[in-house]
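Novice: Just dropping this structure here.
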Amino acid sequence: MQRYIVIRLAQSLFALWGVSIIVFGLARITGDPMDVILPLEATAEHRQQITEQWGLDRPLPVQYVAFLGNALRGDFGDSLKFQGQSAMGLVGQRLPATLQLASFSLIISVAIALPLGVLSAVKRDTPLDYIGKIIALLGQSMPSFWLGVMLMWIFAVHFKLFPVYGTGGLRHMVLPAIALGWFQVAALMRLVRSSMLDILDSEFVKLARIKGLPEWKVTWKHCLRNAAIVPLTYFGVIGAALMTGAVVIESVFSWPGTGLLAVDSIRARDYQVVQAVVIVFSTIFITANLVVDILYAYLDPRIRLR
Amino acid sequence: MATEIPGVTRKALWSPLARGRDSLKWARRYPLVPLAILVLILLAPAIFAPLIAPHNPNEVVLPNRLLPPAWVGETVVDGVVVKKGGSWEYFLGTDKLGRDVLSRIIYGARISVAVSLVSIIFGGLIGTVLGLAAGYFGGPTDAVIMRVVDMSLGLPTILLALVLAAAVGPSLTTVIAVIAVLLWARYARQVRGEALAIRERDFISRARVAGASPLRIIIRHVFPNLVNTLIVLATLQIGYVIVLEASLSFLGAGIPRPTPAWGLMVADGRELIFVAWWVALFPGLAILLTVLSLNLLGDWLRDRLDPKQRQL
């Protein structure tokens, strides 16, 4: 087990290192890094300042070491669009909004996916199961940004049930959270269904039935408890997917989170901020995957031996 | 007929590369008709766009801007036309520049099909070559390739695509390159897994004893056994790639304007959602139906060609 954790940890660090190379390299492979780093209207004075600050006149490996050193301290330079603010500080300011949206979306997804997944396993091959299948298929085929725009049109513009965009109370979060979570509902529901189907066949379920327990208790207590292990460990992956999915959904609903910051910064060519967002998101993403893998290995010893 | 030929797997017999009577058997067993029809429905608008589309997709006719779909009547308040009604000339309405939405959707199919096919071919090619090398040679080659695969599978896709596209500048070539870079790892992992298993089979050692070079063994003996897997994986991925391209275009890091791309059209429609719902609705429906049918096709193919990967 310890060996497995060490190996996975090393892999994750390697992946993060890869991200740093990609981020560092992208600004440089395209020719003059100035073109990527600086906006078009930058002054010559500004150019000079950045060149010295970043040491762009020094050889690449030296630059990379300097970049990595700064990155490890969370220093990605100052934003060019928002003068005087550090890139990392901006990300930190916007991160709570994204986390808020992602966790709300996670709650909604679970509240829909869990009962639906259990019921479609118990009532296999009934209309209910088919409805679940259709939801899953639609979830996998529908682009989230379009779902967002359609929800906005139907529920905000037409029926005026929810605000169109922006932030505020819970009501502002409902539509973006549904649009964000829809795909995850589909994935989670199928996962719950298949692990429920496995459990429903097992011996202890038969025993519980023979014992005379009511069917609802067998399903929701005995089966679900055991079937929930796999989907539960999957939570980290879903959380990470929701965070990255937020990049798209936040721009649909003008939700002022990190995703919107990333898209705005890319448009404004604010490369310092883009770097910071990519590194922060990748760290979250990679850590979530690491935690899930370790949890899996803990629950299922076969994985450790691979 | 049904006798086993030593050294040839049954899967290989059923693969499209098999010749003669065996391929007839394959065709009989797996009716290709529904598949062909589906692909035709998808490809037809893409190939024959100029013949089918009623209008030039980029023709700007400002007097006709924001016409609703044909079946929507005009709104009259006190004898004054407040909102224009639809016309059959512009079946699905027009956008803010008076361009025909239907024609743009038909031409948009071209972009989606082109981007997804080309990027899957490139990504699949890179992934297959590296996966074969890793699986067949093993050892340090395998270790190096698989570490990179693990790394690229563990990265947030859409964000990296955004950054790549932003650093290089949005264009059709960039989008294809970005998506191919994101796709290759999944092929590499799958191909490597299967190549590892195939390498241990008797017919490979026989080929080796017969003096075949590693390259020949890989191309003539290992690869044909992977064709089914690759077909299934590619079909299942086309839908994903179409959504990915549309998302990138929606965010402004994909296909540049004024090319008719579905994602861009939805982005335009989002701005107009208060006045013109049809601009966003129909291109999204096009994405939904295309991806849905591709996913169904992929599932069906997987059950037929690669039952091992079937899910409950």
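Novice: For residues in the range B:73-98 being touching a residue at least 24 places away in the same chain (Cβ under 8 Å) and in contact with a Phe, Trp or Tyr (Cβ under 8 Å, 6 or more places away or on another chain), which is nearest to B:Pro283 (Cα to Cα)?
Specialist: Of everything passing the filter in the range B:73-98, B:Leu92 is nearest to B:Pro283 (Cα to Cα).
Novice: Still on this structure, please answer the following. Of (1) open to solvent by less than 30 Å² (accessible area, probe 1.4 Å); (2) at pLDDT below 90, B:Ala267 satisfies all except one. Which?
Specialist: If we test B:Ala267 against (1) open to solvent by less than 30 Å² (accessible area, probe 1.4 Å); (2) at pLDDT below 90, just (2) comes out false.
Novice: I'd like to know if the range B:138-147 contains one or more residues that are outside any loop (DSSP other than H, G, I, E, B), open to solvent by less than 10 Å² (accessible area, probe 1.4 Å) and hydrophobic (A, V, I, L, M, F, W, C).
Specialist: Applying the first criterion (outside any loop (DSSP other than H, G, I, E, B)) to the range B:138-147 yields B:139-147.
From the residues that got through so far, the ones that are open to solvent by less than 10 Å² (accessible area, probe 1.4 Å) too are none.
Among the residues of the range B:138-147, not one is outside any loop (DSSP other than H, G, I, E, B), open to solvent by less than 10 Å² (accessible area, probe 1.4 Å) and hydrophobic (A, V, I, L, M, F, W, C), which makes the answer no.
Novice: Restricting attention to the range A:164-192, which residues are under 26 Å from B:Val275 (Cβ atoms), outside any helix (DSSP H, G or I) and away from chain B (no Cβ under 13 Å)?
Specialist: A:Gly166, A:Thr167, A:Gly168
Novice: Here are the criteria: (1) surrounded by fewer than 16 Cβ atoms within 10 Å (Cβ to Cβ); (2) touching a Phe, Trp or Tyr at 6+ places or on another chain (Cβ under 6 Å); (3) not aromatic (Phe, Trp, Tyr). Tell me which single one A:Ala240 does not satisfy.
Specialist: (1)
Novice: Now for a different question. Can you go through B:Gly98, B:Gly127 and tell me which one is in a helix (DSSP H, G or I), open to solvent by less than 40 Å² (accessible area, probe 1.4 Å) and not hydroxyl-bearing (Ser, Thr, Tyr)?
Specialist: Values: B:Gly98 fails: in a helix (DSSP H, G or I).
Residue meeting the stated conditions: B:Gly127.
Novice: While we're here: Residues of the range A:259-269 being buried (at least 24 other Cβ atoms within 10 Å of the Cβ) and either more than 10 Å from every other protein chain (Cβ to nearest Cβ) or touching a His at 6+ places or on another chain (Cβ under 7 Å) (or both), which ones?
Specialist: Selection gives A:Leu261 alone.
Novice: Also, quick follow-up: Do you know which residues across the range A:1-44 are modelled with pLDDT under 70, more than 10 Å from chain B (Cβ to nearest Cβ) and open to solvent by 30 Å² or more (accessible area, probe 1.4 Å)?
Specialist: A:Gly31, A:Asp32, A:Leu40, A:Glu41
Novice: Next up: When you look at A:Leu295, is it open to solvent by 10 Å² or more (accessible area, probe 1.4 Å), aliphatic (A, V, I, L, M) and in contact (Cβ under 8 Å) with a residue 12 or more places away in the chain, yes or no? Working first, answer last.
Specialist: Values: open to solvent by 10 Å² or more (accessible area, probe 1.4 Å): yes; aliphatic (A, V, I, L, M): yes; in contact (Cβ under 8 Å) with a residue 12 or more places away in the chain: yes.
Against the criterion (open to solvent by 10 Å² or more (accessible area, probe 1.4 Å), aliphatic (A, V, I, L, M) and in contact (Cβ under 8 Å) with a residue 12 or more places away in the chain), A:Leu295 qualifies.
Novice: Scan the range B:287-306 and give yes if some residue there is part of a loop (DSSP other than H, G, I, E, B), at the interface with chain A (Cβ under 10 Å from one of its Cβ atoms) and open to solvent by 10 Å² or more (accessible area, probe 1.4 Å), otherwise no. Lay out the reasoning, then the answer.
Specialist: First, pick out the residues of the range B:287-306 that are part of a loop (DSSP other than H, G, I, E, B): B:306.
From what's left, at the interface with chain A (Cβ under 10 Å from one of its Cβ atoms): none.
No, because not a single residue in the range B:287-306 is part of a loop (DSSP other than H, G, I, E, B), at the interface with chain A (Cβ under 10 Å from one of its Cβ atoms) and open to solvent by 10 Å² or more (accessible area, probe 1.4 Å).
Novice: List the number of the failed condition for A:Val122; all other conditions in (1) of a type in the set (A, V, I, L, M, F, W, C); (2) at pLDDT 90 or above; (3) crowded, with 19+ Cβ neighbours inside 10 Å hold.
Specialist: Just one mismatch for A:Val122, condition (2).
Novice: Considering only the range B:211-226, I want to know if a residue exists there that is touching a helix residue (DSSP H, G or I) at 6+ places or on another chain (Cβ under 8 Å), without any contact (Cβ under 8 Å) to a residue 12 or more places away in the chain and either closer than 30 Å to A:Arg267 by Cβ or facing chain A (nearest Cβ under 9 Å) (or both).
Specialist: no
Novice: Could you pull out the residue among B:Ser112, B:Ser116, B:Ser103 that is within 14 Å of another protein chain (Cβ to nearest Cβ), open to solvent by less than 30 Å² (accessible area, probe 1.4 Å), closer than 30 Å to B:Glu89 by Cα and assigned to a helix (DSSP H, G or I)? Walk me through how you get there before you give the answer.
Specialist: Working: B:Ser116 fails: closer than 30 Å to B:Glu89 by Cα; B:Ser103 fails: within 14 Å of another protein chain (Cβ to nearest Cβ).
Of the residues listed, the single one that is within 14 Å of another protein chain (Cβ to nearest Cβ), open to solvent by less than 30 Å² (accessible area, probe 1.4 Å), closer than 30 Å to B:Glu89 by Cα and assigned to a helix (DSSP H, G or I) is B:Ser112.
Novice: Moving on. So, in the range A:60-98, of the ones that are within 22 Å of A:Trp17 (Cα to Cα), in a loop (DSSP other than H, G, I, E, B) and out of contact with any Ser or Thr (no Cβ under 8 Å at 6 or more places or on another chain), which residue ends up least open to solvent (accessible area, probe 1.4 Å)?
Specialist: Out of the qualifying residues, it is A:Gly74.
Novice: On to the next question. Considering each of B:Leu132, B:Leu153, B:Leu162, B:Leu182 in turn, give the residue that is within 8 Å of chain A (Cβ to nearest Cβ), in contact with a helix residue (DSSP H, G or I) (Cβ under 8 Å, 6 or more places away or on another chain) and either open to solvent by less than 10 Å² (accessible area, probe 1.4 Å) or closer than 29 Å to B:Val227 by Cβ (or both). Let's see the steps before the verdict.
Specialist: Working: B:Leu132 fails: within 8 Å of chain A (Cβ to nearest Cβ); B:Leu153 fails: within 8 Å of chain A (Cβ to nearest Cβ); B:Leu182 fails: within 8 Å of chain A (Cβ to nearest Cβ).
Answer to the selection: B:Leu162.
Novice: Take A:Ser195 and decide whether it is open to solvent by less than 50 Å² (accessible area, probe 1.4 Å) and within 14 Å of chain B (Cβ to nearest Cβ).
Specialist: Considered against the rule, which asks whether it is open to solvent by less than 50 Å² (accessible area, probe 1.4 Å) and within 14 Å of chain B (Cβ to nearest Cβ), A:Ser195 comes out as yes.
Novice: Any idea which residue in the range A:201-237 is farthest from A:Pro163 (Cα to Cα), counting only those that are open to solvent by 30 Å² or more (accessible area, probe 1.4 Å) and of a type in the set (Val, Ile, Thr)?
Specialist: Filtering the range A:201-237 for residues that are open to solvent by 30 Å² or more (accessible area, probe 1.4 Å) and of a type in the set (Val, Ile, Thr), the one farthest from A:Pro163 (Cα to Cα) comes out as A:Ile210.
The values are calculated or read from the model by the stated rules, or taken from the named source; none is laboratory data. Keep in mind the model is a prediction, meaning the values are calculated, not measured. All Cβ positions, glycine included, derive from the backbone under ideal geometry; neighbour counts span all protein chains shown. Ligands, DNA and RNA are stripped out before the accessible areas are found, and what is left, the full protein with its side chains, is counted by its heavy atoms. Shrake-Rupley method; radii C 1.70, N 1.55, O 1.52, S 1.80 Å.
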